[in-house]
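One structure is given below, encoded as structure tokens.
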Amino acid sequence: MRKLTYYIACTIDGFIGDPQGDASSMFVYSEAPYTAWMTTEYPEAVPAHGREALGVTGANKHFDTVVQGMRSYQLALDVGVTSPYAHLREFVATRSLTESPDPHVELIADDLVGRIRELKAEDGPLGIWLCGGSTIAGQLIEEIDELVIKTYPQVYGTGMPMFGAGFAPRDFELGEVRAFDNGVLVRTYTRKR
């Protein structure tokens, strides 16, 4: 069974975006050696339109599929990109779009959990990347097998939480921890089942 990994950037206080979902203030921490590590270890997480500029040519290491919400996908649409992760199978969880603007992007309007379970049941060595955002992470919280949290040294105070879900403790086991000189901390957790 393939695993679903929530690979996400957040602030120290656990927000993945400001109240409108904007996380651009975290981009100031995209410098070497952190960026070199990120593009080498997770090359598939670099959008297709940024891969050439960053010199990303490596094969996918962790994921062959990406699932994102409409707010995340809208960031690409706003700059005229209809397939931001063309090097992956792309899914967008949305009810606002009724037709995909790109033949490479499949829309999931209903039964998100069921569709993710189907994807997880497929054969293959690579997993599924949950790109964001808060609402679909909340809907898929019981399906998430791994967390890779890139914590940036900022505090928002309020904003879009990592999980838009109701209260219920869920246990994860801490794996690798990596700290960078720019203050970014990357932690990997595995779901305790």
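The values are calculated or read from the model by the stated rules, or taken from the named source; none is laboratory data. These numbers were taken from a predicted model, which means no experiment stands behind them. When we count neighbours, we look across all protein chains shown, and the Cβ atoms used for this are built from the backbone with ideal geometry, even at glycine.
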Next on the checklist: Looking only at region 59-70, count every residue that is assigned to a loop (DSSP other than H, G, I, E, B) and among the polar types (S, T, N, Q) and tell me the total.
Outcome noted: 1
Item to check | Matching residues, region 71-95, being in a strand (DSSP E or B) and in contact (Cβ under 8 Å) with a residue 40 or more places away in the chain | outcome: Ala93
Next on the checklist: If I ask for residues that are outside any strand (DSSP E or B) and either within 16 Å of Thr11 (Cα to Cα) or modelled with pLDDT of 95 or more (or both), which ones from region 147-168 would you list?
Outcome noted: Pro153, Gln154, Val155, Tyr156, Gly157, Thr158, Gly159, Met162, Phe163, Gly164
Next on the checklist: Looking at Val56 and the list (1) assigned to a loop (DSSP other than H, G, I, E, B); (2) among the aliphatic types (A, V, I, L, M); (3) modelled with pLDDT of 95 or more, which single condition is not satisfied?
Outcome noted: (3)
Item to check | Any chance Ile116 is part of a loop (DSSP other than H, G, I, E, B), hydrophobic (A, V, I, L, M, F, W, C), closer than 25 Å to Lys3 by Cα and in contact (Cβ under 8 Å) with a residue 40 or more places away in the chain | outcome: no
Checklist outcome for this item: Picked from region 119-139 (must be in contact with a helix residue (DSSP H, G or I) (Cβ under 6 Å, 6 or more places away or on another chain) and not polar (S, T, N, Q)), the residue modelled with the highest pLDDT is Ile128
Checklist entry - How many residues are free of Cβ contacts under 8 Å to residues at least 24 places away in the same chain, in a loop (DSSP other than H, G, I, E, B) and of a type in the set (Ser, Thr, Tyr) if we restrict to region 7-53? => result 1
Item to check | Residue count, region 5-28 (criterion: among the hydroxyl-bearing types (Ser, Thr, Tyr) and either closer than 20 Å to Gly175 by Cβ or modelled with pLDDT of 95 or more (or both)) | outcome: 4
Checklist entry - Would you pick out the residues in region 76-112 that are of a type in the set (Val, Ile, Thr) and either within 15 Å of the chain's Cα centre (by Cα) or surrounded by 13 or more Cβ atoms within 10 Å (Cβ to Cβ) (or both)? => result Val81, Thr82, Val92, Thr94, Val105, Ile108
Checklist entry - Which one of Tyr42, Tyr29 is under 16 Å from the mean Cα position of the chain (by Cα), under 19 Å from Val148 (Cβ atoms) and hydroxyl-bearing (Ser, Thr, Tyr)? => result Tyr42
